[in-house]
Amino acid sequence: MQLGLDFSLVEELVAGVDEVGRGPLCGPVVTAAVILDPARPILGLNDSKKLSEARRDALFDEIREKALAWCIARAEVEEIDQLNILHATMLAMQRAVEGLSVTPKLALIDGNRCPKLKVPSAPVIKGDSQVPAIAAASILAKVSRDREMAELDALYPGYGIAGHKGYPTAVHLEALRRLGPTPIHRRSFGPVRELVEGGR
C-alpha cells in the first residue's frame, strides 16, 4: 500500500483541480487549478487541511512562483443559491481550468465527479493526498478563501467569520440567530433559509 503523494503524477501538462468552501453557510466556493513544473519541484506539498497556516501561506507563494500555470476561480453566493452548491462548484472548477494560461492535456479533479471541460478529465477520490497538483490546488484555494473570509469578517463583524470561515459552528449559528443573515449568507442552505423564512 502506498502512502503519501505520488510524485510520478507530476507529469507535464496535468492539471490538478480542487475546491474549498462547499460546506460553509456564507461566502463563495473557491477553486484552483494548477499545472506543476516537473523541473521545479515544490517540497512539502500536502492536502491543505494537513498543513499549518504558516506552511500553507509559504507554499501559496511558492506554487504561484514555480507552477507552469495556475488559476484561482470561484462561484459567488448568488450562483450557489441559484444553481445549488454542487453545480456552483462544478462551474467554479470549470472557470479555474479554463483560466489556465497553458492548456492541460488532462485535468485530475479531487472528488468523485468532474465538471464539463474541453480537456480530458478524471476524478480522484482523496486526490489532495495523492496527486501533487491537486494538493497544490487545494492550498491555493484554501489560502485564497481564508484570506477573503478574514476581509469579510471586517465587513460583517459579530459573526466570527475569520475564525470559522463561514462553517456552521455553534458560534456562527448563534450569531446568525442573534443578528440575522448578511448579504454573503447562502439563502439556499437550511439554517439560513429557516431564519429568512422565519421573518428575519
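Laboratory data are not the source of any read-out in this text; all were calculated from the coordinates shown. From a predicted model like this one, the values you see are computed outputs, not experimental measurements. Cβ sites come from the backbone with ideal geometry, for glycine too, and all protein chains shown count toward neighbours.
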Cα-centre dipole for the chain with unit charges at Cβ (Lys and Arg positive, Asp and Glu negative), debye to 20: 360
For the chain, share of DSSP beta bridges that run antiparallel, in % to the nearest 5: 65
Cross-link partners of Lys118 among aspartates and glutamates (Cα-Cα below 20 Å; sequence separation of 8 or more within a chain): Glu11, Glu12, Asp18, Glu19, Glu98, Asp110
For the chain, with +1 on Lys and Arg beta carbons and -1 on Asp and Glu, the positive-most of Ile42, Cys26, Val14 along the dipole: Cys26
Amide N proximity, region 110-141 versus Arg55 label position 7 Å along Cα-to-Cβ, cut-off under 18 Å: 127-141
Per-pair calculated FRET efficiency, R0 = 30 Å: Ala154 and Arg113 via Cβ, rounded to 0.05: 0.25
For Ala107, residues with placed amide H under 5 Å, excluding near neighbours: Ala15, Ser121, Ala122
For the chain, calculated [θ]222 nm from helices alone, where every DSSP H run of n ≥ 4 adds -39500 (n - 2.57): -12500 deg cm²/dmol
Cα gyration tensor shape for region 131-200, rounded if a/c is under 1.5, else prolate or oblate: prolate
